[in-house]
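Derivation of every value follows stated rules applied to the coordinates shown; laboratory data play no part. Treat the numbers as computed from the prediction; the structure is a model and nothing was measured. We place every Cβ from the backbone using ideal geometry, glycine too, and count neighbours over all the protein chains shown.
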Amino acid sequence: MSRALSFPPRTEWTPEPTPRALIRGSLIQAERIVLKWLTDTPTLLQSLLLPALMVLLFWLILDRSVSDYTNASSALGMVPMVALVGAMSGSSISGLGLRREWTGGLLTKMWTLPVHRASAMLGRLLAEAARIVVTASAVLAVGTIIGFRISTGVLGYLAIIGVALLFGLSFSIMVTALALRNRESRIVELVGLATNLVMFFNTGFVPASAYPAWLRPFVEYQPVSCAVEAIRGLAGGGPVALPLLLTTAWSCALLTAFTVPALRGYRRAAQRC
């Protein structure tokens, strides 16, 4: 009879805190998440197909009325708005997936691996960044069909992607923190619903002056409106400084408020199945 191999007991777990281990582990985690999204039909639909269809449907239904009211192409505000909402909706879907990993015990299993502890969260952010870039680029590409143009060239496109990344990643950090508060909570689903409502209360369709006076300040200075105006300015060479400053302020506020809760929530979730 063959004798089973016996291993000495492991008395101490030692992480790999080197920068090389962090980079390697983060890239592996990002690859794992991206591959999972590619095999997840709802995520693909939410991130790519739905935003593209929204651009075309909004243009077919609202282009004439919006263009007549604003004396400008509706695509100038609608395409940036859909790109941002698509990034936000994808973050909500990703947050639900993170909660499923917590409930299924995957976070706990990864926590016990001899890898850099920060690689899981950093890898998730890298995957989110890739998703946001692909979503925003797809929406901008479809937007060219209905008249959206980036007259500022390649630098303008890169700046627009930068705004989408800053806005999308800060929103993703918020969703991550909320998703890891309680596995029984439905707050992520509520955030997804609020994301859809935001489409009708921003300056993507019509300027803030078109809304009732009591609603105007909210519409004009809420995060999506600020980011839409920043992208509109970057694409057409219009005013950029104020909306870009407001977008940066909103994003920094979200990062300040939710980065630490997200990290603590991940640690807490990973340490208990």
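Things to note:
- Prolate is the label for the chain. Its Cα gyration tensor axes, ordered a ≥ b ≥ c, give a/c of at least 1.5 and a/b above b/c.
- Degrees between helix 50-70 axis and first principal axis of the chain (Cα, 0 to 90, nearest 10): 20
- When peptides 124-131, 85-92 are sorted by average Cβ neighbour count within 10 Å, with the highest value leading, the order is 85-92, 124-131.
- Each Lys and Arg Cβ is given +1 and each Asp and Glu Cβ -1; about its Cα centre, segment 19-271 then shows a dipole of about 1040 debye.
- On Cα atoms only, tilt of 223-236 relative to the major axis of the chain in degrees: 70
- Cα-based helix-to-principal-axis angle, 119-143 vs the chain, degrees rounded to 10: 30
- Highest-first arrangement of 229-242, 176-189, where packing means the average Cβ count within 10 Å: 229-242, 176-189
- Calculated FRET efficiency for the pair Tyr221/Arg268, C-beta based, R₀ 41 Å, to 0.05: 0.75
- Ordering Ala129, Ile61, Ala179 by Cα displacement along the dipole of the chain toward the positive end leaves Ala179 in first place; charges were set at the Cβ atoms of Lys, Arg (+1) and Asp, Glu (-1).
- Distance between segment 236-273 and segment 121-136 - C-alpha centres, whole angstrom: 14
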